[in-house]
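Only one structure is covered here, and it is reproduced in the block below.
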Amino acid sequence: MDVIRIPTGTRDVLPAEAAETRFLMEAVRTVFTAFGYGEVVTPTLELESALEVSGEKRFRRSFRLFDEKGEVMMLRPEMTTPIARLAATKLAGRQPPFRFCYFANSFQPTRPQRGRQSEFFQAGLELIGIDSPAADGEVLAVLCGALEACGLREYSISLGEASFFRALLEEVGVSDEEQERLFMALAERDMVEFAHLVGALAVDDEDRQAILDAVALRGGSDVLTRAQDLVRGPRMEKALKRLARTYYLVSRYGYAGRLLFDLGILRGFDYYTGIVFEVVSGDLGFPIGGGGRYDNLLARFGRDEPAVGFALGLDRLHIAVSGQGGVPLQAGPGVALAGGMDEELDLARELRESGVKVLSLPADITEQLALEAARDAGLGYAVLPLGDGIRLLECAGGQARDVSREQLAAAVEA
């Protein structure tokens, strides 16, 4: 018989991992809610014509299908553009700011590997209608708070400024076509190709070196001082001042130690206009999430509003937290109860009413199989009724003790 496969770039998730991912999602949701972000839900399918309004070239490689009218549909490749569409069309009569969050799956064709799938689940937020370092600082603070609520201890946020590098290229006379090729090389982290492209530019040696130096500026707050030597005009000066103000505000939230400046970050989306950032953790080899400011995107949908936001890959976050001690699930008391579906149905109901999770098993199950079932379900005990009493088996060590039915709930909660 042929093996029944699932599509390339997708995967099945079993209960234990699903429970841990759900814990991470709820931890993130708690932080989002504390800052006043309300959840929105957009369609998994978007009209190709609607997403093309964004002008985002990465959407050219997306999953497409036709509806019954022959219109081209796309599985959403990310969530920022659908939320921009929503804010511009559904909220035309309301005044910003808008604070939205989401928990959703998105789809992008890719070569699958650890931490990278064609279908991926994200948690993210968008702050629409405020163009200031205060908004940038709030979004970065929410991001840090969400990561720490999930139990992630070792992480940093690489922070850059897209407008600083764009302004530098424009000031030294780099054409739009050349800029696009440079941005593509940076987004793909192909520094060999980037250096080759810079070497071919028709600029003087000083400006050529400034371009190379700009993308190599990484480190602490001293980067802001070193970047002053590269300033070629007021736009670059403004970008640095705004970045410095954002850093100060993030420090007021208590997260300055999490920021590392990297002026070579541009990320892979064309719509970023200001700060851009990525979350890195240990030696994973890929960012957990990222985001930035995109002040021109909503205007393409008919409403000119500034905006900033981020997205976290929950699959990637799960990998990172698992590598730092595991997801801090607070499991309540639970048992696997032999006979819980028939002879001991009343006992199962009483335990559930007292707050104990009950996995019901057949009445004739053996002690060994009952223990295995309890362990597989992440429960603390297997319970086998013995006449008027109860045999309580601990999953951790396999020890057995007999208790009365009246003592059972207290015994498993202890």
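Odds and ends about this structure:
- Highest GNM mean-square fluctuation among ILE319, ILE390, ILE211, for the chain modelled with Cα contacts below 10 Å: ILE390.
- Shape of segment 334-413, Cα gyration tensor, a/c cut at 1.5: rounded
- Shape of segment 185-289, Cα gyration tensor, a/c cut at 1.5: oblate
- Global form of segment 231-308, assessed from the alpha-carbon gyration tensor, a/c cut-off 1.5: oblate
- Mean residue ellipticity, 222 nm, helices only, the chain: the sum of -39500 (n - 2.57) across DSSP H runs of n ≥ 4, divided by residue count and rounded to 500, is -11500 deg cm²/dmol.
- GNM top mover of GLU394, GLU154, GLU138 - the chain, alpha-carbon springs below 10 Å: GLU394
- Modelled this way, with points 7 Å down the Cα-to-C-beta line, the labels at ALA411 and LYS69 are 6.5 nm from one another.
- Under 16 Å from the Cα of LYS69 - aspartates and glutamates, other chains or at least 8 residues apart: GLU46, GLU48
- Cβ-based exposure ranking for MET184, MET236, in which fewest neighbours within 10 Å come first: MET184, MET236
- The candidate values are (i) 27.8, 84; (ii) 20.0, 62; (iii) 26.6, 92; the one derived from this structure for Rg and Dmax of the Cα atoms in Å carries the label (iii).
- Note on the chain: GNM, Cα springs under 10 Å; of ARG242, ARG375, ARG29, the largest mean-square fluctuation is that of ARG375.
- Label-point separation in nm, GLN228 to ARG375, each point 7 Å along Cα→Cβ: 6.4
Any read-out appearing in this document is the output of simple, stated calculations on the displayed coordinates, not a laboratory observation. No experiment lies behind these values; they were computed from the predicted model shown. When we count neighbours, we look across all protein chains shown, and the Cβ atoms used for this are built from the backbone with ideal geometry, even at glycine.
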